[in-house]
Each structure stands twice: as C-alpha cells, then as structure tokens.
Amino acid sequence: MNSIEKLKKGFADFKNSYYGGDFKKSAEYAKLITEGQQPKTLMIACSDSRVSPEITFNSNPGDIFMVRNIANIVPPYDNDGHKHGTSAAIEFAVNYLGVENIIVKGHANCGGIAALMKDVSTGDFISPWVSVSARAKEEVLKNSEFSTDEERRTACEKASILVSLENLLTFPFVRKKYVRGEIKILGWYFDMPKGLLLEYNNETGRFQ
Ligand SMILES: [Zn+2]
C-alpha cells in the first residue's frame with residue numbers, strides 16, 4: 001500500500017468506527033457535529049510527524065483545539081495586519097471557544113529547534129519563523145553547563161517553550177483571562193526517546 005492509499009484506508013477505518021460501527025464513538029461524534037465543539041484545551045505543538053498530540057494523549061475528537069507549527073512556537077502579539085496563522089488560532093480558541101487551558105508542548109529531537117541552533121539560514125520561511133525563539137538560543141549558548149550540541153539543542157527545546165509561554169501573555173485577551181485565573185498556561189515537554197512527559201514547574205524553574 002502506498003502512502004496515499006494508506007491515508008484513504010485510514011479514512012475508511014475512521015468512517016466505519018465514527019459513523020456507526022462503534023456506538024459510543026459515533027454518538028459522541030454526531031453530538032459534536034450537531035452541537036459544535038467545546039474543547040477545553042488549546043495546544044500548540046510541533047508539526048513533527050512523530051509527536052501527534054491526539055495519539056500521544058490518546059484524546060478524542062472535540063478534546064483539543066490544535067495548532068501545529070514548526071517547533072511549537074507562539075509569536076509575540078503583533079497587531080500589524082499581516083497573516084498570523086498561529087495568533088488567529090489563539091484568538092479563536094480564547095475569545096470564541098473559551099478554552100480553559102493553553103499548553104505549549106515541545107519535544108525532544110526537534111528539527112525546528114535544531115535549525116534555530118544552526119548559524120546558517122534555513123529556507124525562506126524557517127529561519128525567520130524559528131528566530132522568534134532567538135532569546136532561548138542566546139541563553140543556552142551563554143550557559144557553560146552544556147558541552148555538546150545535543151545538550152544545547154535539548155536545553156533550547158525547553159527554553160523555547162518558556163519564550164512561547166511569555167509570548168502568550170503579550171496577547172491582551174490571554175493576559176486578561178490569565179490574571180483573572182480564568183485560564184491556565186502550561187509548558188510541557190515530550191522526551192520522545194525516554195517516553196516521558198515533563199511539565200514546567202514555576203517554583204523550581206525546571207521541567208519535571
Ligand atoms: Zn519539533
């Protein structure tokens with residue numbers, strides 16, 4: 001089976017189960033279609049094909065409002081009229097869906113962060129995009145605790161999540177709800193080789 005046939009077969013399997021074959025799934029899915037979505041969580045995750053949150057969190061349709069981009073980056077608020085896809089998704093999730101949680105989920109072995117750590121320019125769009133997290137790279141390069149490229153990339157994967165958490169708070173509508181305690185903001189890191197999910201702890205300043 002080639003890659004396109006595999007996708008079509010996957011859709012047929014999905015349809016069999018969500019449109020009748022599995023009573024519980026099909027009832028819940030029909031309800032989502034007629035009543036609309038009310039996801040509680042907005043997640044910003046990487047486009048990497050190995051870290052699909054619906055699979056790694058074993059979640060159902062309607063659970064997660066998902067944004068996936070290169071290196072799970074949140075850009076700062078910038079009301080300049082340009083085409084900000086990630087910012088539009090954040091606005092929709094917070095102001096129209098009323099999500100209760102925003103999770104920035106990074107991961108190990110991230111190619112986007114590897115591109116950021118390189119000194120060479122990558123493509124027309126990748127370098128400018130990942131440069132949103134340039135501050136994370138600078139912090140890591142200044143820190144003598146890390147001696148190998150792999151250690152520095154891992155540290156940057158985590159530091160970049162913190163830059164995105166800070167950038168989330170530059171969105172006035174996010175900040176307002178966060179200050180009122182109406183929204184939780186979390187930083188998660190999927191250590192893919194070890195199969196661990198780490199959460200950033202504000203008190204210790206570490207992912208645990
Ligand atoms: Zn990645």
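A few points about this structure:
- In degrees, nearest ten, helix 23-35 long axis to first principal axis of the chain (Cα): 80
- Measuring between their Cα centroids, the range 153-170 and the range 110-139 lie 13 Å from each other.
- Cα long-axis angle, helix 149-168 against the chain (0 to 90 degrees, to the nearest 10): 70
- Computed lengthening from Glu35 to His84, 0.36 nm per intervening residue step minus Cα-Cα distance: 14.8 nm
- The calculated FRET efficiency for Leu196 paired with Glu100, based on their beta-carbon distance and R0 = 25 Å, is about 0.50.
- The range 116-208: trypsin sites (Lys or Arg not before Pro) falling in loop per DSSP and having at most 15 other Cβ within 10 Å: Lys118, Arg180, Lys194
- Angle in degrees between helix 3-16 and the longest Cα principal axis of the chain, rounded to the nearest 10: 50
- Chain lengthening between Asp22 and Leu7 when straightened (0.36 nm per residue, less Cα-Cα): 3.4 nm
- Panel order for Met1, Met43, by other beta carbons found within 10 Å of each beta carbon, from fewest to most: Met1, Met43.
- Set Lys9/Lys105; Lys6/Lys40; Lys8/Lys184; Lys105/Lys176; Lys9/Lys194 screened for pairs whose C-alpha atoms are more than 27 Å apart: Lys9/Lys105; Lys6/Lys40; Lys8/Lys184; Lys9/Lys194
- The range 130-164: GluC sites (Glu not before Pro) in DSSP loop, at most 13 other beta carbons within 10 Å: Glu145
- Summarising the strand pairing of the chain, around 25 percent of its internal DSSP beta bridges are antiparallel.
- Listing His107, His84 from fewest to most neighbouring C-beta atoms within 10 Å gives His84, His107.
- Residues Glu91, Glu182 in ascending order of nearby Cβ atoms (within 10 Å, fewest first): Glu182, Glu91.
- Cα-based equivalent ellipsoid, the chain: semi-axes from gyration tensor eigenvalues, Å: 31, 22, 17
- Potential extension, Phe14-Asp124 segment - 0.36 nm per residue separation minus Cα distance: 36.0 nm
- Between the range 30-66 and the range 176-207, the alpha-carbon center distance in angstrom: 18
No lab work stands behind these numbers, since they all come straight from the coordinates. These numbers were taken from a predicted model, which means no experiment stands behind them. For neighbour counting, all protein chains shown are included, and Cβ atoms are generated from backbone atoms with ideal geometry for every residue, glycine included.
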